[in-house]
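Trainee: Please see the structure below; I have some questions.
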Amino acid sequence: MRTVMVTGGCGFIGSNFIHYLLKNCDVKVVNFDALTYAGNLENLRDVEQDKRYAFIKGDIADAAQVSGALERFEVDSIVNFAAETHVDRSILTPDAFMSANVMGTQRLLECARVYWSLAPGDKNCRDYRPGVRYIQVSTDEVYGSLGMEGKFCEDSPIAPNSPYAASKAGGDLFVRAYCETFGFPAVVTRCSNNFGPYQFPEKLIPLIIYNALHHREIPVYGDGRQVRNWLYVEDHCSALCRVMREGTIGEVYNIGGDTEESNLNVVRTVLRMLDRPESLIRFVADRPGHDRRYAMDYTKLQGHTGWSPLYSFEKGLERTVQWYLANERWLETAADQEFQTYCKMMYT
Ligand code: NAD
Ligand code: TYD
């Protein structure tokens, strides 16, 4: 049985991915997570007793911790979700993004290179243990912003606009360099905005739900007409499984949904689903460097693997809202003191 190390597995997409793997694949899973403010062990409570699952608290930027886990669990695949992920926080503290997303990724790559190499001391060795594979979970934000027309392809220029996007681009390009220089067996995926269960309430969709449930105003940046290419998280997980099995080493694959929605439409739709009034909408100052529109061309992935998203935006959103309503305790616990202080500082 293969052993997959999921870094950042206590976060939003990582925890959904672990659930997806344990349900759909015959693999063992090692969840390696530093438990930052965004990491939540509650997300995995229901799989804690599964004999195929183990949790290790560790930082991808700590080589000793990473190498120890790779050796102890005889890891043959790594899917790297571990990152600082919120654009607004990257404007407040860019250095944390540099450490986790650039330096952390490079350390993780180097530990995996040494552990999997057939001649670890020889940097010219391009031979690795059979079947090993590294997946870097990158983002559409590395491409920067689109105008009204067009979509990002894998060969679109890398032009990040926020410190978050720049740090993700740094990590993403380190993976490319390891493939080119060391023949390292890696694949990069770049996905659009996800939504679904277990998303931390700082992000737009759970923030709308949290604020609406508390009859608080919903802050909409600028004119609210920025467009995102929303993808239900389970579709991202199924795409990553396809890439793990069928992706070509050294390639980049875009992952995206078919839905382009303005932020204002998203807010209105969620308020309608929760039966809350549009008078809760409050237009606030725009985010500096705010990307106007993202849209992904994912025909390369579709052509190579046959993957397509299964959820429409409406269907995914309905499931997401129902999940938050059924898990209000999770939401209240996630929205802890640190989050309340962050919101006060950001929005008042
Ligand atoms: P998240 O913020 O919910 O979770 C991040 C997780 O990484 C947390 O559990 C945190 O504890 C952990 N972590 C942070 N720094 C770490 C470190 N140095 N070592 C080990 N663990 C660390 O993030 P998410 O939304 O689930 O995103 C996961 C990944 O997917 C990120 O790499 C992100 O850039 C990428 N991505 C996210 C989206 C999206 O819409 N959320 C879209 C495309 C790509
Ligand atoms: P977010 O969930 O932070 O994801 P990203 O910045 O990675 O796309 O934001 C999604 C969109 O919603 C983005 O255009 C910014 C906007 N937004 C608001 O208008 N108000 C908010 O309070 C937040 C958090 C986001």
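The values are calculated or read from the model by the stated rules, or taken from the named source; none is laboratory data. As the structure is a computational prediction, the values presented were derived from the model and not from experiment. All Cβ positions, glycine included, derive from the backbone under ideal geometry; neighbour counts span all protein chains shown. Quick note on the areas: whole protein, heavy atoms, side chains included, nothing else; ligands and nucleic acids left out. Shrake-Rupley method; radii C 1.70, N 1.55, O 1.52, S 1.80 Å.
Trainee: Go through Leu118, Leu109, Leu146 for me and flag whichever is of a type outside the set (Ser, Thr, Tyr), within 30 Å of Glu318 (Cα to Cα), more than 11 Å from ligand 1 (Cβ to nearest atom) and over 16 Å from the mean Cα position of the chain (by Cα). Give the steps one after another, and end with the answer.
Mentor: Values: Leu118 fails: within 30 Å of Glu318 (Cα to Cα); Leu109 fails: within 30 Å of Glu318 (Cα to Cα).
None of the others qualify; the one that does is Leu146.
Trainee: Ok, one more. In the set Ala54, Ala82, which member is within 17 Å of Ser167 (Cβ to Cβ), away from ligand 2 (no atom under 16 Å from the Cβ), at pLDDT 95 or above and small (Gly, Ala, Ser)? Let's see the steps before the verdict.
Mentor: Values: Ala54 fails: within 17 Å of Ser167 (Cβ to Cβ).
Criteria check complete, one pass: Ala82.
Trainee: If Tyr221 passes every condition in (1) among the aromatic types (Phe, Trp, Tyr); (2) within 13 Å of ligand 1 (Cβ to nearest atom); (3) surrounded by fewer than 17 Cβ atoms within 10 Å (Cβ to Cβ) but one, which one does it miss?
Mentor: Against the list (1) among the aromatic types (Phe, Trp, Tyr); (2) within 13 Å of ligand 1 (Cβ to nearest atom); (3) surrounded by fewer than 17 Cβ atoms within 10 Å (Cβ to Cβ), Tyr221 comes up short only on (2).
Trainee: When region 5-46 is examined, which residues are found to be among the β-branched types (Val, Ile, Thr) and either out of contact with any helix residue (DSSP H, G or I) (no Cβ under 8 Å at 6 or more places or on another chain) or within 15 Å of ligand 1 (Cβ to nearest atom) (or both)?
Mentor: The answer is Val6, Thr7, Ile13, Ile18, Val29, Val30, Thr36.
Trainee: So for region 198-215 (the condition being within 16 Å of ligand 2 (Cβ to nearest atom), modelled with pLDDT of 95 or more, touching an Asp or Glu at 6+ places or on another chain (Cβ under 8 Å) and of a type in the set (Gly, Ala, Ser)), does at least one residue qualify?
Mentor: Residues of region 198-215 that are within 16 Å of ligand 2 (Cβ to nearest atom), as a first pass: 198-214.
Checking which are modelled with pLDDT of 95 or more leaves us with 198-214.
Filter once more, keeping what is touching an Asp or Glu at 6+ places or on another chain (Cβ under 8 Å): 202, 211, 213.
Checking which are of a type in the set (Gly, Ala, Ser) leaves us with none.
Within region 198-215 (the criterion being within 16 Å of ligand 2 (Cβ to nearest atom), modelled with pLDDT of 95 or more, touching an Asp or Glu at 6+ places or on another chain (Cβ under 8 Å) and of a type in the set (Gly, Ala, Ser)), the answer is no, since none of the residues qualifies.
Trainee: Could you tell me whether Ala100 is at pLDDT 95 or above and either open to solvent by less than 10 Å² (accessible area, probe 1.4 Å) or on the phi > 0 side of the Ramachandran plot (or both)? If you could, list the steps in order and put the result at the bottom.
Mentor: Details: at pLDDT 95 or above: yes; either open to solvent by less than 10 Å² (accessible area, probe 1.4 Å) or on the phi > 0 side of the Ramachandran plot (or both): no.
No: the conditions fail for Ala100.
Trainee: Name, by its number, the condition in (1) open to solvent by 40 Å² or more (accessible area, probe 1.4 Å); (2) closer than 22 Å to Arg190 by Cα; (3) out of contact with any Lys or Arg (no Cβ under 9 Å at 6 or more places or on another chain) that does not hold for Arg45.
Mentor: The single condition Arg45 does not satisfy is (2).
Trainee: For Asp95, state whether it is within 16 Å of ligand 2 (Cβ to nearest atom) and either open to solvent by less than 10 Å² (accessible area, probe 1.4 Å) or in a helix (DSSP H, G or I) (or both). Walk me through how you get there before you give the answer.
Mentor: Numbers: within 16 Å of ligand 2 (Cβ to nearest atom): no; either open to solvent by less than 10 Å² (accessible area, probe 1.4 Å) or in a helix (DSSP H, G or I) (or both): yes.
No.
Trainee: Then there is this: Just one of the numbered conditions (1) crowded, with 17+ Cβ neighbours inside 10 Å; (2) closer than 25 Å to Cys153 by Cβ is not true of Leu317; which one?
Mentor: (2)
Trainee: Just to confirm my filter: which helices (runs of 4 or more DSSP H) fall fully inside region 220-334 and include at least 1 residues that are of a type in the set (Ser, Thr, Tyr) and farther than 25 Å from Leu92 by Cα?
Mentor: Working: elements: 233-246, 263-273, 299-305, 313-326, 328-334.
Once the helices (runs of 4 or more DSSP H) in region 220-334 are filtered for at least 1 residues that are of a type in the set (Ser, Thr, Tyr) and farther than 25 Å from Leu92 by Cα, what remains is 233-246, 263-273, 299-305, 313-326.
Trainee: Out of region 110-139, which residues are aliphatic (A, V, I, L, M), touching an Asp or Glu at 6+ places or on another chain (Cβ under 8 Å) and either under 16 Å from Thr248 (Cβ atoms) or modelled with pLDDT under 95 (or both)? Full working, then the answer.
Mentor: Within region 110-139, the subset aliphatic (A, V, I, L, M) is 112, 114, 118-119, 132, 135, 137.
Filter again for touching an Asp or Glu at 6+ places or on another chain (Cβ under 8 Å), leaving 118-119, 132.
The one that is aliphatic (A, V, I, L, M), touching an Asp or Glu at 6+ places or on another chain (Cβ under 8 Å) and either under 16 Å from Thr248 (Cβ atoms) or modelled with pLDDT under 95 (or both): Val132.
Trainee: In this structure, does Phe184 turn out to be within 20 Å of Ala100 (Cα to Cα) and either part of a helix (DSSP H, G or I) or not aliphatic (A, V, I, L, M) (or both)? Talk me through it step by step, then tell me what you get.
Mentor: Details: within 20 Å of Ala100 (Cα to Cα): no; either part of a helix (DSSP H, G or I) or not aliphatic (A, V, I, L, M) (or both): yes.
The answer is no for Phe184.
Trainee: Name the one entry in Asn80, Asn40 that is within 30 Å of Val220 (Cα to Cα) and in contact (Cβ under 8 Å) with a residue 24 or more places away in the chain.
Mentor: Working: Asn80 fails: within 30 Å of Val220 (Cα to Cα).
Matching residue, one of Asn80, Asn40: Asn40.
Trainee: Restricting attention to region 12-38, which residues are under 18 Å from Ala239 (Cα atoms) and open to solvent by 10 Å² or more (accessible area, probe 1.4 Å)?
Mentor: Phe12, Ile13, Asn16, His19, Tyr20, Leu22, Lys23, Asn24, Cys25, Asp26, Val27 - these are the residues of region 12-38 that are under 18 Å from Ala239 (Cα atoms) and open to solvent by 10 Å² or more (accessible area, probe 1.4 Å).
Trainee: Just one of Asp235, Asp291 is surrounded by 13 or more Cβ atoms within 10 Å (Cβ to Cβ), charged (D, E, K, R) and farther than 30 Å from Val27 by Cα; which is it? I'd like the intermediate steps shown before the answer.
Mentor: Numbers: Asp235 fails: farther than 30 Å from Val27 by Cα.
Among Asp235, Asp291, only Asp291 is surrounded by 13 or more Cβ atoms within 10 Å (Cβ to Cβ), charged (D, E, K, R) and farther than 30 Å from Val27 by Cα.
Conditions (1) within 16 Å of ligand 2 (Cβ to nearest atom); (2) farther than 18 Å from Arg245 by Cα; (3) part of a helix (DSSP H, G or I); (4) modelled with pLDDT of 95 or more, marked per residue:
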{"position": "Thr3", "(1), (2), (3), (4)": "no, no, no, yes"}
{"position": "Ser15", "(1), (2), (3), (4)": "no, yes, yes, yes"}
{"position": "Tyr37", "(1), (2), (3), (4)": "yes, yes, no, yes"}
{"position": "Leu44", "(1), (2), (3), (4)": "no, yes, yes, yes"}
{"position": "Asp50", "(1), (2), (3), (4)": "no, yes, no, yes"}
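Trainee: Specify the residue that is nearest to Trp307 (Cα to Cα); the eligible residues are those in region 165-216 that are among the hydroxyl-bearing types (Ser, Thr, Tyr) and open to solvent by less than 20 Å² (accessible area, probe 1.4 Å).
Mentor: Of the residues in region 165-216, the ones among the hydroxyl-bearing types (Ser, Thr, Tyr) are 167, 178, 181, 189, 192, 198, 210.
Among the residues that remain, those that are also open to solvent by less than 20 Å² (accessible area, probe 1.4 Å) are: 167, 178, 189, 192, 210.
Values: Ser167: 28, Tyr178: 27, Thr189: 13, Ser192: 15, Tyr210: 33 Å.
Among residues in region 165-216 that are among the hydroxyl-bearing types (Ser, Thr, Tyr) and open to solvent by less than 20 Å² (accessible area, probe 1.4 Å), the one nearest to Trp307 (Cα to Cα) is Thr189.
Trainee: Looking only at region 99-116, how many residues end up being more than 15 Å from Glu71 (Cβ to Cβ) and hydrophobic (A, V, I, L, M, F, W, C)? Walk me through it before giving the result.
Mentor: Within region 99-116, the first condition is being more than 15 Å from Glu71 (Cβ to Cβ), and the residues that meet it are 99-107, 109.
Pick out the ones that are also hydrophobic (A, V, I, L, M, F, W, C) and you get 100, 102-103, 109.
Summing the residues that are more than 15 Å from Glu71 (Cβ to Cβ) and hydrophobic (A, V, I, L, M, F, W, C) in region 99-116 gives 4.
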